[in-house]
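Asker: I have a structure I would like to understand better, so I am pasting it below and will then ask my questions one at a time.
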There are 2 protein chains.
Amino acid sequence: MKKENCIVAQSGGPTAAINASLAGVIDGVRKSGSFTRIYGSLHGITGVLENNMMDMSLMALSHFPMLNTLELTPAMYLGSCRYKLPDYTEDPAPYKQIFERFEEYGISAFFYIGGNDSMDTVLKLSNYAKSIQSDVKIIGVPKTIDNDLFATDHTPGFGSAAKYVASTVLEIAHDAYIYKIPAVIIIEIMGRDAGWLTASSALARTTYSQAPDLIYLPEVAFSKEQFLADVKDKLTKQKTVIVAVSEGIHDADGNYISSDSAVADKFGHAQLSGAGKALEYLVRDEIGVKVRSIELNVLQRCAGHIASRTDITESFSLGQAAVKYAAEGKTGIMAAIERISNDPYQWVIKSADVADIANEAKSVPVEWINEAGNDVTDEMIDYLRPLIIGEVSLQYKDGLPVYLPVDHLLH
Amino acid sequence: MKKENCIVAQSGGPTAAINASLAGVIDGVRKSGSFTRIYGSLHGITGVLENNMMDMSLMALSHFPMLNTLELTPAMYLGSCRYKLPDYTEDPAPYKQIFERFEEYGISAFFYIGGNDSMDTVLKLSNYAKSIQSDVKIIGVPKTIDNDLFATDHTPGFGSAAKYVASTVLEIAHDAYIYKIPAVIIIEIMGRDAGWLTASSALARTTYSQAPDLIYLPEVAFSKEQFLADVKDKLTKQKTVIVAVSEGIHDADGNYISSDSAVADKFGHAQLSGAGKALEYLVRDEIGVKVRSIELNVLQRCAGHIASRTDITESFSLGQAAVKYAAEGKTGIMAAIERISNDPYQWVIKSADVADIANEAKSVPVEWINEAGNDVTDEMIDYLRPLIIGEVSLQYKDGLPVYLPVDHLLH
């Protein structure tokens, strides 16, 4: 079979924008004319291994009406996996299987939308391809709400998660301000190793509300004593103190704050409480004011109804660019965003060597955290602000957001 | 001073629509021409007691530009309180104080927006007014996300909370379906005594997703054994089981499921885990599949960005009607909604005797719960559906929803 088809797959954790990149790849295929068919591999690279693929060529037809619905559908239309390829010099079996499948389906390009781990797959597959003189192009498209990928100014999915976090913190502030008694609200935000998403809570600040009053990122060693002093100090000036805290905060020895507050249930099993819950208990026991912790949980990565238009547009464009790069003969690269300016916000897409990205995590730079380690700087806010701008025009039916059906993932 | 002014106040827990009722009262005052000034009592009736009031007459001027922003601002613009008036035959002091304040401000009508407890205040104040031959009109406007007030078909604030719950459950389902391994997701929803809001999770069902697969309300005695059997049965047919559970589920003896799973922290303090967390541990220990619990927490009552247009419109209209009732000389009543039909959805506003409402809670009728006690009936869904229809046209600035500033509540 003549090599003229391509495969796209998704991997890692969900975001509100990863299907926008999928829609971008499909649109790129439609416009490029370089591919006859496009297949979606279900559950990441495991779909290639297990021959679990769906023909998506219909979606690449001109003006496929549902592409806009796919663009705005949260989580992963093609499903996900947490599969790590072995080193091919030690275990070439899965590589042989994958490239045999590529041959079988006439594949000349494989697009993988994902985070650090997925870029590891892109790197390994492209290296293996070189080693066997295969001309299949292996291209990565970034995504992660954690915003921790190198070589790209920021990651698709992050802006939508940041918009959810900021909007939600503002709404929680309105909810909290109504009572007269002193209260502390602790909001736990995703990001085990990188504090980007927790930092984005600072975007909730308005002319009338300074919430969150305190922000703790995993990039700074967390001190319970300092935290209690910070909260007490705020309580001398205001009745409501709203704290944003990363799930990954840890002390100077690297111990998660959550695990230090391990609780045991009635069967004696250790239960790991999250950082927010641990700090709730700490404030209750040590300060004694009314306190509530709120874990934003998976909602921050799947709330398609409040996605950032900027994020969706960028994610779509990166998918389109990946197809262009493949058509140009590139491989072992990831489509990435380069920021030209903050105000006006301008960006371009570039190609980045995936070897510089795979398996590495980009932390928040220390100069974007204040000296006290309990807030972020204006430079951080200037960086974050453009990413949450704009709203999506979601359709609603019977009061519910309209998303693309995912029946194929249910069994 | 001639009696020609009025006071409005808010009490109880926040909702996304209680400020719509406040905007409705203000608009009613503007249109009626019956009042010269309108005062907002801060923190419910305690603002009257403590002379902590703001003059809102400016907002009642023709075409005050921010009334629409107030309508869509979540939580309570005037702040809240949890104050219960004593029996006036035993302790008339606060009543005297309140009616002296009414005299001082030239008040002829007091509008109280709230739930069961607030209607208790309306009842007591109107009874006291009669006892002293005062002609101050005391009018209630309902609100509660719990939907547990008698004499009204449903309560303002409930529809918006239900829309948030349904949309969020659908998005969580998209998030959950992406993996291939079996998993159970437990979503804990507000409603300690009444299951209306948990029932509204059923509105998340679409042509492709039947989530939530199981629904447990506090109106049915909860059996852990039956719950485990239900989940196991679902897991034989599908890989992802999504469960909606009320925070108030309890066993046949009335013990909350949460308290039965009390955990102790390292200091030996008893920690009450919520119902969702308790069931998460139960599934993990007894079934052993991947399991996650998600507490929707305060977001379900303060997410103004996904309010129901139907709910906001009704809440506004009830506020307007309250003013009309006062002008007509009514007192000791609450503006209420009467449903004419489900399809097309039609409703009218009526006046209800507050004595029939105060301190009573309306449960979900047993005939709207299925026989197995793990789902709701089609009649329930037909009742709920119209309440979440329609979206609000919220303004955004710098990526954030624009709400009315609440500086006055901050100190």
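Asker: How many residues does the range A:306-347 hold that are in contact with a helix residue (DSSP H, G or I) (Cβ under 6 Å, 6 or more places away or on another chain), open to solvent by 10 Å² or more (accessible area, probe 1.4 Å) and within 10 Å of another protein chain (Cβ to nearest Cβ)?
Answerer: 1
Asker: With under 12 Å from the mean Cα position of the chain (by Cα), farther than 13 Å from residue B:322 by Cβ, at pLDDT 95 or above and more than 14 Å from chain A (Cβ to nearest Cβ) as the only criterion, which of B:147, B:116, B:127 stands out? Show your work before the answer.
Answerer: Details: B:116 fails: at pLDDT 95 or above; B:127 fails: under 12 Å from the mean Cα position of the chain (by Cα).
Result: B:147 is the single residue among B:147, B:116, B:127 that is under 12 Å from the mean Cα position of the chain (by Cα), farther than 13 Å from residue B:322 by Cβ, at pLDDT 95 or above and more than 14 Å from chain A (Cβ to nearest Cβ).
Asker: OK, next. So, in the range B:285-299, how many residues would count as being assigned to a strand (DSSP E or B) and in contact with a Leu (Cβ under 6 Å, 6 or more places away or on another chain)?
Answerer: Number satisfying all stated conditions: 0.
Asker: Right, another one. Just to be sure before I move on: is residue B:123 assigned to a helix (DSSP H, G or I), touching a residue at least 12 places away in the same chain (Cβ under 8 Å) and open to solvent by 10 Å² or more (accessible area, probe 1.4 Å) in the structure I sent?
Answerer: Criteria met by residue B:123.
Asker: Modelled with pLDDT under 95 and either in a strand (DSSP E or B) or within 15 Å of residue A:148 (Cβ to Cβ) (or both): which single residue out of A:358, A:336 fits that description?
Answerer: Details: A:336 fails: modelled with pLDDT under 95.
A:358 is the lone residue from the list that is modelled with pLDDT under 95 and either in a strand (DSSP E or B) or within 15 Å of residue A:148 (Cβ to Cβ) (or both).
Asker: Limited to the range B:83-107, what total is found for residues that are within 14 Å of another protein chain (Cβ to nearest Cβ) and either exposed (fewer than 14 other Cβ atoms within 10 Å of the Cβ) or touching a Phe, Trp or Tyr at 6+ places or on another chain (Cβ under 8 Å) (or both)?
Answerer: Of the residues in that region, 0 qualify.
Asker: Is there a residue being of a type in the set (Ser, Thr, Tyr), in contact with a His (Cβ under 9 Å, 6 or more places away or on another chain) and assigned to a helix (DSSP H, G or I) anywhere in the range B:322-329?
Answerer: Going through the range B:322-329, the residues of a type in the set (Ser, Thr, Tyr) turn out to be B:325.
With in contact with a His (Cβ under 9 Å, 6 or more places away or on another chain) added as a condition, the list becomes none.
Looking through the range B:322-329, none of the residues is of a type in the set (Ser, Thr, Tyr), in contact with a His (Cβ under 9 Å, 6 or more places away or on another chain) and assigned to a helix (DSSP H, G or I).
Asker: Just to be sure before I move on: is residue A:353 open to solvent by less than 70 Å² (accessible area, probe 1.4 Å), more than 14 Å from chain B (Cβ to nearest Cβ), among the acidic types (Asp, Glu) and over 30 Å from residue B:381 (Cα atoms) in the structure I sent?
Answerer: Working: open to solvent by less than 70 Å² (accessible area, probe 1.4 Å): no; more than 14 Å from chain B (Cβ to nearest Cβ): yes; among the acidic types (Asp, Glu): yes; over 30 Å from residue B:381 (Cα atoms): yes.
Taking the combined requirement at face value, the residue does not satisfy it.
Asker: Filter the range B:177-195 down to the residues that are open to solvent by 10 Å² or more (accessible area, probe 1.4 Å) and closer than 18 Å to residue B:373 by Cα, then identify the one that is farthest from the chain's Cα centre (by Cα).
Answerer: B:188
Asker: So which residues in the range B:32-81 are of a type in the set (Ser, Thr, Tyr) and more than 14 Å from chain A (Cβ to nearest Cβ)?
Answerer: From the range B:32-81, those of a type in the set (Ser, Thr, Tyr) are B:32, B:34, B:36, B:39, B:41, B:46, B:57, B:62, B:69, B:73, B:77, B:80; that's our starting set.
Once the filter is applied, which keeps residues that are of a type in the set (Ser, Thr, Tyr) and more than 14 Å from chain A (Cβ to nearest Cβ), the range B:32-81 yields B:32, B:34, B:36, B:39, B:57, B:62.
Asker: Which pairs do you get when a residue that is under 19 Å from residue A:319 (Cβ atoms) and free of Cβ contacts under 8 Å to residues at least 12 places away in the same chain, found in the range A:330-348, comes within reach of a residue that is open to solvent by 70 Å² or more (accessible area, probe 1.4 Å) and in a strand (DSSP E or B), reach meaning Cβ atoms under 8 angstrom, with the pair 6+ apart or on two chains?
Answerer: Sorted first by the residue in the range A:330-348, then by its partner, the pairs are A:348/A:338; A:348/A:340.
Asker: Being open to solvent by 10 Å² or more (accessible area, probe 1.4 Å) and outside any helix (DSSP H, G or I) is the filter here; which residues of the range A:244-259 pass it?
Answerer: Answer for the range A:244-259, where residues must be open to solvent by 10 Å² or more (accessible area, probe 1.4 Å) and outside any helix (DSSP H, G or I): A:247, A:250, A:251, A:252, A:253, A:254, A:255, A:256.
Asker: Does residue A:138 satisfy the condition of being under 15 Å from the mean Cα position of the chain (by Cα) and buried (at least 24 other Cβ atoms within 10 Å of the Cβ)?
Answerer: So residue A:138 does not fit the description; no.
Asker: Residues in the range B:360-411 that are within 14 Å of another protein chain (Cβ to nearest Cβ), among the aliphatic types (A, V, I, L, M) and open to solvent by 40 Å² or more (accessible area, probe 1.4 Å): how many?
Answerer: Residues in the range B:360-411 being within 14 Å of another protein chain (Cβ to nearest Cβ), among the aliphatic types (A, V, I, L, M) and open to solvent by 40 Å² or more (accessible area, probe 1.4 Å): 2 in total.
Asker: Test residue B:390 against the stated conditions and say whether it is over 21 Å from the mean Cα position of the chain (by Cα) and on the phi > 0 side of the Ramachandran plot.
Answerer: no
Asker: If the requirement is being within 29 Å of residue B:13 (Cα to Cα), modelled with pLDDT of 95 or more, in a loop (DSSP other than H, G, I, E, B) and within 24 Å of the chain's Cα centre (by Cα), which of these qualifies: B:168, B:152?
Answerer: The unique qualifying residue is B:152.
Asker: Which one is farthest from the other protein chains (Cβ to nearest Cβ) among residues in the range A:196-217 that are more than 26 Å from residue A:311 (Cα to Cα) and open to solvent by 10 Å² or more (accessible area, probe 1.4 Å)?
Answerer: Among residues in the range A:196-217 that are more than 26 Å from residue A:311 (Cα to Cα) and open to solvent by 10 Å² or more (accessible area, probe 1.4 Å), the one farthest from the other protein chains (Cβ to nearest Cβ) is A:213.
Asker: Of all the residues that make up the range B:361-411, how many are aromatic (Phe, Trp, Tyr) and part of a loop (DSSP other than H, G, I, E, B)?
Answerer: The number of residues fulfilling the criteria is 1.
Asker: Would you confirm whether any residue within the range B:84-106 is of a type outside the set (Val, Ile, Thr), in contact with a Gly (Cβ under 9 Å, 6 or more places away or on another chain) and in the same structural domain as residue B:148 (by TED's automatic domain parsing)?
Answerer: Within the range B:84-106, none of the residues are of a type outside the set (Val, Ile, Thr), in contact with a Gly (Cβ under 9 Å, 6 or more places away or on another chain) and in the same structural domain as residue B:148 (by TED's automatic domain parsing).
Asker: I need the full set of residues from the range B:146-156 which are hydrophobic (A, V, I, L, M, F, W, C) and in contact with a Leu (Cβ under 6 Å, 6 or more places away or on another chain), in order please.
Answerer: Residues satisfying the conditions do not exist here.
Asker: Related question: Does the range B:361-383 contain at least one residue that is touching a strand residue (DSSP E or B) at 6+ places or on another chain (Cβ under 8 Å) and within 30 Å of residue A:181 (Cβ to Cβ)?
Answerer: No, the range B:361-383 contains no residue that is touching a strand residue (DSSP E or B) at 6+ places or on another chain (Cβ under 8 Å) and within 30 Å of residue A:181 (Cβ to Cβ).
The values are calculated or read from the model by the stated rules, or taken from the named source; none is laboratory data. Quick caveat, the model's predicted, so the values are computed rather than measured. Glycine gets a Cβ as well: all are built from the backbone with ideal geometry, and neighbour counts include every protein chain shown. Only protein heavy atoms, including side chains, enter the accessible area calculation; ligands, DNA and RNA are left aside. Shrake-Rupley method; radii C 1.70, N 1.55, O 1.52, S 1.80 Å.
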